[in-house]
Amino acid sequence: MSLPDLEPWIAHMLLIVTSLLAVIAYSCAGYWQGCALLNRPQASKALVLSLAALGAVSQAILLSQGMLTPEGWLLDFVSLSSLMAIVLVSLVVVSSLTRPLENLLVIILPVAILTLALEWLLPQHGSAKHYHPGVLIHILASMLAYALLALAGIQALLLARQDWQLKHHHPSGIVKSLPPLQTMEKLLFELVWGGMVLLTLGLLTGFIFVENLFAQHLVHKTLLSLLAWVLFAILLWGHHRLGWRSRTAVRWTLGGFILLMLGFFGSKWVLEFVLGSA
């Protein structure tokens, strides 16, 4: 039985409980991972990842009630922001099983809590509709690409901080808790490579399945995504051919990440909350 089938007040209470569960799980996981960064008493990695996963599942249940409707999929700014947060948390949890990426949760989990707040504070915009399977593949590939490249952007910020402190010979507790610089750089390029593969798939499926990809409401997103793809491609070429590392990698990664976020979320925000269109 779905929540809409229940009495309205029961459904509303269940949504509130689900939201609180997600916030509490995210907050506890973020707090304990922050303690790990500051070398303070902390919970186990398994508990932190389990709490983060619980938060993501709870948020996904909450999101499904608004995004999946009998009329189709509602893909407005708030829903896509929440979906992005769920994908980010899930990717970090799964990746942390084999890679030292759990420190990214300190930045990602507050963002996930913010998207939960947006679901309650901001009204829904646009209307739900049914999408061609090819368009859904385009959306899924794009969201995964944005998530991986967002993780790369956060990794680049941590790498920049670590590199600066090491060069000035006074590493703080946070930097001391991070993996070695070479490991951080390797993780950064792994994220960029994965994001590039998915971004390429997202762009290709967009050109194939999305009608008029350069229409007025899509042209900014398309052009900025293509420009971001070029920046990431140059970064990977420079790393492979010219040995680009450290600060150069950070600058190119952050540049591509900013273009992607402006192209997707920036255009969504302007269309829905500034221009008031669907």
Phe214 fails exactly one of (1) closer than 30 Å to His130 by Cβ; (2) at pLDDT 85 or above; (3) surrounded by fewer than 19 Cβ atoms within 10 Å (Cβ to Cβ); (4) of a type in the set (Phe, Trp, Tyr), namely (2)
Does Gln59 count as touching a residue at least 24 places away in the same chain (Cβ under 8 Å), surrounded by fewer than 21 Cβ atoms within 10 Å (Cβ to Cβ) and farther than 18 Å from Leu178 by Cα?
-> no
Yes or no: Val78 open to solvent by less than 40 Å² (accessible area, probe 1.4 Å) and either touching a strand residue (DSSP E or B) at 6+ places or on another chain (Cβ under 6 Å) or within 22 Å of Leu149 (Cα to Cα) (or both)?
-> yes
Out of (1) touching a residue at least 24 places away in the same chain (Cβ under 8 Å); (2) of a type in the set (Gly, Ala, Ser); (3) surrounded by fewer than 22 Cβ atoms within 10 Å (Cβ to Cβ), what's the single condition that is false for Ala117?
-> (1)
Could you identify the single residue in Leu91, Leu49, Leu38 that is within 15 Å of the chain's Cα centre (by Cα) and within 23 Å of Pro180 (Cβ to Cβ)?
-> Leu91
Pick from Ala43, Ala22: which is of a type in the set (Gly, Ala, Ser) and within 18 Å of the chain's Cα centre (by Cα)?
-> Ala22
Region 219-278: number of residues that are surrounded by fewer than 15 Cβ atoms within 10 Å (Cβ to Cβ), at pLDDT 90 or above and hydroxyl-bearing (Ser, Thr, Tyr) | 1
Could you give me the residue pairs with C-beta distances under 9 Å whose first residue belongs to region 13-28 and is open to solvent by less than 50 Å² (accessible area, probe 1.4 Å), whose second residue is outside any helix (DSSP H, G or I) wherever it lies, and which are 6+ apart or on separate chains?
-> Cys28/Ala43
Of the conditions (1) within 21 Å of Leu149 (Cα to Cα); (2) modelled with pLDDT under 85; (3) open to solvent by less than 10 Å² (accessible area, probe 1.4 Å), Ala112 clears all except one; give me its number.
-> (2)
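The values are calculated or read from the model by the stated rules, or taken from the named source; none is laboratory data. Because the structure is predicted, anything quoted here is derived from the model rather than measured. Cβ atoms come from the backbone with ideal geometry, glycine included; neighbour counts cover every protein chain shown. Calculation scope for accessible area: heavy atoms of the full protein, side chains included, ligands and nucleic acids excluded. Shrake-Rupley method; radii C 1.70, N 1.55, O 1.52, S 1.80 Å.
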